[in-house]
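The values are calculated or read from the model by the stated rules, or taken from the named source; none is laboratory data. Every value quoted in this text rests on a predicted model; they were computed, and no experiment measured them. Positions of Cβ are generated from backbone atoms using ideal geometry, with glycine treated the same way; all protein chains shown enter the neighbour counts.
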Number of protein chains: 2
Amino acid sequence: MEAPEVTETTPELACPIAPIVDIVFSRWTTPILWSLNEYGRQRFVELHRRIATITPKVLTQRLRQLERDGLITRTYHAEVPPRVEYEISELGRSLGPMFATLAEWSPNLAKVADARAHYDDRSRSSAR
Amino acid sequence: MEAPEVTETTPELACPIAPIVDIVFSRWTTPILWSLNEYGRQRFVELHRRIATITPKVLTQRLRQLERDGLITRTYHAEVPPRVEYEISELGRSLGPMFATLAEWSPNLAKVADARAHYDDRSRSSAR
DNA sequence: CTGAATCCAATACGATACTG
DNA sequence: CAGTATCGTATTGGATTCAG
């Protein structure tokens, strides 16, 4: 579990948004943040059910990372059985506009699919 | 019987923006797209110089991927020595607002740094 | 110059079993 | 329930070399 330093400078001087991408768009973080932002506070199992293809181990890792980055909060209730609730933080909620802008780009996914079909087609006929 | 599985089992269904993240924010794609969008058409070496920490192999891989997705165009000039120019496509240019929204979140990076410091500090004092 | 080919290391991920 | 521990695998990226 590595966390790139926020103060990272050298590699991506060419791209000022790279640090944000590392924090917000690393693997699995998008579904997690989206779920918490969309459906509110949830327990571990609820998140796991919603993102069924992730393993508990990795889900835990990503949740810890997001908690450490201050994007979500973790509340432990010492009951039997134990209950843990995750909730998006205020900082995490500030990502809303970003997600909205992303979602607005969705119609272009069809163009990507077309481009891929074209590219693969031309590659197949060796027109390069 | 057909019933396409529309259950919320895949990350994509739990998070509609996941496909976009895969395309736009996979590794190295952000600096590449940013450079081409910001500084215009560039040759392979220019990109390589700008993103100095990437190896030629990986740069080539990522450029091919972006070309296949229709986000950039590749122009080969059969000269000696050969000259290849990469340019952002119209589809790629449509990512501009997304990048702008990302950039606007930059001030929050300080909060992430603070959150990390807090988290690491509390972990060190075993207050968990 | 623009890559392709090959080999190698790191590590992230999945599967499984187990605990408080 | 909410994880942790351990192991094995698989993908990815880096280093190096070479070619059209």
Of all residues in segment B:24-58, count the ones that are away from DNA strand D (no atom under 13 Å from the Cβ), buried (at least 19 other Cβ atoms within 10 Å of the Cβ) and assigned to a helix (DSSP H, G or I).
7
When residues of segment A:79-106 are limited to those that are crowded, with 17+ Cβ neighbours inside 10 Å and small (Gly, Ala, Ser), the one farthest from B:Leu102 (Cα to Cα):
A:Ser89
Conditions: (1) without any contact (Cβ under 8 Å) to a residue 12 or more places away in the chain; (2) surrounded by fewer than 16 Cβ atoms within 10 Å (Cβ to Cβ). B:Thr75 meets all but one. Number of the miss?
(1)
Just to verify a result, which residue in segment B:10-28, among those that are modelled with pLDDT under 95 and more than 7 Å from chain A (Cβ to nearest Cβ), is farthest from A:Leu33 (Cα to Cα)?
B:Trp28
Check off (1) more than 8 Å from chain A (Cβ to nearest Cβ); (2) assigned to a helix (DSSP H, G or I); (3) surrounded by 14 or more Cβ atoms within 10 Å (Cβ to Cβ) for B:Arg116 and give me the number that stays unchecked.
(1)
Could we say that A:Pro107 is out of contact with any Lys or Arg (no Cβ under 7 Å at 6 or more places or on another chain) and part of a helix (DSSP H, G or I) here?
yes
Can you tell me which of (1) more than 15 Å from the chain's Cα centre (by Cα); (2) surrounded by 14 or more Cβ atoms within 10 Å (Cβ to Cβ); (3) within 16 Å of DNA strand D (Cβ to nearest atom) is the one B:Leu109 doesn't meet?
(3)
So, of the residues in segment A:65-100 that are among the hydrophobic types (A, V, I, L, M, F, W, C) and within 16 Å of DNA strand D (Cβ to nearest atom), which turns out to be nearest to the other protein chains (Cβ to nearest Cβ)?
A:Leu71
Working only within segment B:34-58, note down all residues that are in contact with a Leu (Cβ under 8 Å, 6 or more places away or on another chain) and within 16 Å of DNA strand C (Cβ to nearest atom).
B:Ser35, B:Leu36, B:Gln42, B:Phe44, B:Leu47, B:His48, B:Ile51
(1) surrounded by fewer than 17 Cβ atoms within 10 Å (Cβ to Cβ); (2) more than 8 Å from every other protein chain (Cβ to nearest Cβ); (3) within 20 Å of the chain's Cα centre (by Cα) all hold for B:Arg62 apart from (1)
